[in-house]
Amino acid sequence: MKSNLSAWKYVKNNRKNVTTMVVGLALSFAAIYIVHMLLMTSVESFKPLALTQPKKMCFFALSRSTLDQAAVPGAEDGTAEEKRDALVKLLEQTDGIDSVIRTQIIRTDYRAVIGTLSMKFPLYEAKDIPAFLRHVDAKLTDGRMPEEDGEILVDEVILKNMNAKIGDWYLPDWYGEVFKIVGTIKSEGMYCVGTPKGFVNNGWYNTVLCDGEHSDLESLLAQYGIKLGAEDEIDDAVTNRTFYQRDCVELIENVVKAISAIVMFFLGVTMLIAYVSFLRNRVNEYCLYTSIGYSRFEVYGMMMREMLLIFVSGLVAGILTAIPVCLIFRLTIIDPRGMICRLLYPDKMLQTAGLMLFILGIIQIPLLLCIRGIKTIDRLED
Amino acid sequence: MFEVKNISMIYDMDTDEKMYALKGFDLTLPDKGLIGIIGPSGSGKSTLMYCLSTLKKPTEGTVCYNGTELTTITDSEREKIRRKEFGFVFQKHYLVPYMNALDNVLVAAADQSEETKKRAKEFLAGLGLGERELSKRPAKLSGGQCQRAAIARAMINNPKVVFADEPTASLDHENAFNVMRILKSYSADRLVLVVTHDRSILNEADRIIEIWDGEISRRETE
């Protein structure tokens, strides 16, 4: 005989209770998702700078003591300067490296929701800048190319993050001079470039313009007899990837995990308490069902279907709440501040849904205890 | 229909002072008719009804229903018999509070077809619950209306036996007699067992069995 124990009847006729549970689940889901999306804005924003940019542009700065001890082929007995020049020539002869130029650099801080990334950009002679832009696939989108000393082109996104506009003056942290922003550029790696003030090609940094496959400077330098020390600075694809993965992705993911765990713990406890009270209020109903011939399995099936309906509704409501809220954050906070975000994280949705299913699993404990304890009405009336 | 032999029901089996709710008697019940089981509180009349309806398993003795020994079958078979062949009216109506009167009847139905819904409405109408009451929840119905909905629930599958345990306990006199009239009418071709301590409602019973201290003290036939 077909079971007529419908889960829908409870849901339809107890809108207040069901709505409370659905809203609780939806808000928990939305809270986790929105916090995740906001924190992941740092990960998404830093990605072009840490992963894309170094594929085409790296920096290295070697200390005098490192160069003194280095056995650079062709300049084994030379001075530190001679060794550096020989090293530059060797690097430029390497396949995949376009140029290695001694440049000054300036730094700018790129701020995300959590954390700040200090990025370097090189200062070239004005005539070399078009070649640089070609190398990094950047296009001038507004303003003009630098013509005078102390003029810079800034990536559109970075410019927003700096809360600046064309024509503004920019004072880098330690350069000691102000630079004028004369144009914006657009590229995948969010590059900036400019002209130095007064001196050219005399910086301590070596800017390496390379392709994606030759951006592991540490290995390349080792091939040419350079043993890096603590005073040397390498800013290449490998160091950036390591920093990005360890100090950015893992750190933020751990924070998100901790927040998710806390929210889920409180949600789990609340759901458990609410569900136990929900079961207690319906003992007579369950007893009636078993008395008139429904099996405990059929009653359990109905209860599970009710819970699944509530959980799925909570999940859908959570998604429908989280996405528009994320969109509002994106339009009002993230985009105007030159940060980058993603609205959809299917893996996080699945993970949160999985955690909710885990809570549903915990709820099985009182549910199964209740099923075991269901009596027939004769016991209630005894 | 029912063949009861040497039925005993002992509560507190593990203690020294055993309490006999039923003390080993035989009983045979027919296929149809209104049978009243009467006795004071604690006499064992409800226990007998629960043993007959498979809700309780007697400590000793056998209960045979249409050739099936009810004390030896599995829980699942008992559930099937309760669902297909028996209908129940309890002391309290036990209507599901969040369902309306119609849904409370349909929850016991074998199917949810339009035909069943129509039959449920007819049942309720026949029991005096109008179209307006069908969509009301138990809290909005009177005690009599609730009990009548519970009777409709018991009858929706056209069960061969209706067990009614003090069906009029929470009703006023007029409603009590209305309920008994309905049960009497149903008993024309089915068996209706009414457990009560109120002899006045059994005026139309085909047979009255009086139970006292777990034993049948008198059997009356009209």
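Bear in mind these aren't lab numbers, they're just calculated from the coordinates by the rules spelled out. Because the structure is predicted, anything quoted here is derived from the model rather than measured. Note that we place each Cβ from the backbone using ideal geometry, even for glycine, and neighbour counts take in every protein chain shown.
Compactness of the range A:116-264 was expressed as the Cα radius of gyration divided by 2.2 N^0.38 Å, which yields 1.23. Under a Gaussian network description of chain A, with springs only between Cα atoms under 10 Å, the residue in A:ALA258, A:ALA322, A:ALA30 that fluctuates furthest is A:ALA258. Of all lysines in the structure, those lying under 28 Å Cα to Cα from B:LYS140, and not within fewer than 8 positions of it along the same chain, are A:LYS9, A:LYS12, A:LYS16, A:LYS375, B:LYS92, B:LYS117, B:LYS118, B:LYS121, B:LYS184. Under 5 Å between amide hydrogens, built in the peptide plane, is the criterion, and for B:ALA21 it picks out B:MET9, B:ILE10, B:TYR11 among residues at least 5 positions away or on other chains. For A:PHE179, the amide hydrogen comes within under 5 Å of the amide hydrogens of A:TYR170, A:LEU171, counting only partners 5 or more places away or on other chains and with H modelled in the peptide plane. Here is how the number arises for the protein assembly as shown: DSSP H runs of 4 or more residues each give -39500 (n - 2.57), the sum is divided by the residue count, and the result at 222 nm is -14000 deg cm²/dmol. The C-alpha radius of gyration of the range A:217-292, expressed as a fraction of 2.2 N^0.38 Å, stands at 2.51.
Could you pull out every one of the lysines with an alpha carbon less than 16 Å from that of A:LYS180, ignoring same-chain neighbours closer than 8 positions? Correct list for A:LYS180: A:LYS160, A:LYS165, A:LYS197. Spatially, the range A:312-374 and the range A:176-244 are offset by 41 Å when compared through their Cα centroids. Taking Cα atoms, how many degrees apart are the long axis of helix A:251-280 and the longest axis of chain A, rounded to 10 and kept between 0 and 90? Approximately 10 degrees, to the nearest 10. Each Lys and Arg adds +1 at its Cβ and each Asp and Glu adds -1 at its Cβ; summed about the Cα centre, the protein assembly as shown shows a dipole of about 2940 debye.
Listed by Cβ neighbour count within 10 Å, with the fewest neighbours leading, B:ASP189, B:ASP165 appear as B:ASP189, B:ASP165.
Counting only lysines at least 8 places from A:LYS55 when in the same chain, those with an alpha carbon closer than 17 Å to its own are A:LYS47, A:LYS120, A:LYS186. 3J(HN,Hα) along the range A:152-157: 10, 9, 10, 4, 3, 5 Hz, from the Karplus curve 6.51 cos²θ - 1.76 cosθ + 1.60 with θ = phi - 60°, whole Hz, x for Gly and Pro.
Helix B:114-126 and the longest principal axis of the C-alpha atoms of chain B enclose an angle of approximately 80°. A straight line joining the Cα centroids of the range A:46-95 and the range A:142-168 runs 29 Å.
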